[in-house]
Amino acid sequence: MDKKRFAVVEKYTTPFVQLVIEKGQQKNVFEQLHQMKDILDDTNLVAFLSHIGVDDTEKEKSLRYFQGSDSLLIDNFIEVIIHNHREDLFYDILVESLHQLEMISNEFEVTIKSVQTLSETQKSKIIPIVERKFGLQVRSLKEELDASLIGGFIITANNKTIDASIKRQLQIVKEKLK
């Protein structure tokens with residue numbers, strides 16, 4: 001995204017996020033925005049909204065499907081986007097809103113890659129360690145299975161990573177032997 005586009009996105013995102021925080025609606029709004037993002041990611045709606053050949057009324061109809069949520073803040077926010085004919089920026093505004101809410105609340109989704117599924121006991125032991133090491137709160141835990149790790153795990157959150165996999169340890173040994 002270029003600087004000009006990002007500046008426009010921020011003009012919509014920052015006041016919205018500030019209002020959400022002011023109203024104490026972070027958790028509810030974050031969950032709903034995340035669901036909207038998942039829908040946009042799983043469909044071709046992003047391309048549809050940004051396509052210059054699609055009539056504005058059709059874009060408006062598409063965005064209105066997201067209204068009627070539990071959050072009046074989101075409904076009004078979508079209305080502002082429609083009113084200002086910024087449907088093409090909806091996805092970018094959504095992503096930036098999620099990012100700002102994460103940064104302000106310091107709550108992040110944590111991804112754990114491992115060879116096997118972790119037990120609930122293992123997860124409950126890992127969460128406090130991740131929170132302490134990364135200096136954040138765990139919003140949710142996402143597991144990914146990756147047989148190439150051989151053993152161990154990789155934890156990622158807020159652009160930080162802990163790689164305690166056997167694969168990485170073997171790479172380090174290999175580099176030291178060179």
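Observations on the structure shown:
- Boolean, ILE126 is over 26 Å from GLN18 (Cα atoms) and loosely packed, with under 12 Cβ neighbours inside 10 Å: no
- Residue check for SER97: open to solvent by less than 30 Å² (accessible area, probe 1.4 Å) and polar (S, T, N, Q): yes
- Of all residues making up region 6-48, the number that are open to solvent by 80 Å² or more (accessible area, probe 1.4 Å), assigned to a helix (DSSP H, G or I) and of a type in the set (Lys, Arg): 2
- Unmet criterion (only one of (1) over 28 Å from ASN28 (Cα atoms); (2) part of a strand (DSSP E or B)) for LYS113: (1)
- For region 86-121, the set of residues classified as closer than 28 Å to ASP56 by Cα and acidic (Asp, Glu) consists of GLU87, ASP88, ASP92, GLU96, listed by residue number.
- For region 66-83, the set of residues classified as in contact with an Asp or Glu (Cβ under 8 Å, 6 or more places away or on another chain) and either β-branched (Val, Ile, Thr) or surrounded by 13 or more Cβ atoms within 10 Å (Cβ to Cβ) (or both) consists of GLN67, SER69, ILE81, ILE82, listed by residue number.
- Scanning region 106-119 for residues that are out of contact with any helix residue (DSSP H, G or I) (no Cβ under 9 Å at 6 or more places or on another chain) and over 23 Å from SER148 (Cα atoms) yields a single hit, ASN106.
- The sole residue among THR121, THR156, THR161 that is at negative phi, without any contact (Cβ under 8 Å) to a residue 12 or more places away in the chain and in a strand (DSSP E or B) is THR161.
- Near pairs, Cβ below 9 angstrom, 6+ apart or cross-chain, from region 166-178 (without any contact (Cβ under 8 Å) to a residue 24 or more places away in the chain) to any residue that is among the hydroxyl-bearing types (Ser, Thr, Tyr) and part of a helix (DSSP H, G or I): LYS167/SER148
- Residue list for region 49-58, filter: part of a helix (DSSP H, G or I) and of a type outside the set (Val, Ile, Thr): LEU49, SER50, ASP56, GLU58
The values are calculated or read from the model by the stated rules, or taken from the named source; none is laboratory data. Note that the coordinates shown come from a computational prediction; the quantities given were computed from them, not determined experimentally. Cβ: placed from backbone, ideal geometry, glycine included. Neighbour counts: every protein chain shown. Each accessible area value is taken on the protein alone, full model and side chains, heavy atoms only, with ligands, DNA and RNA left out. Shrake-Rupley method; radii C 1.70, N 1.55, O 1.52, S 1.80 Å.
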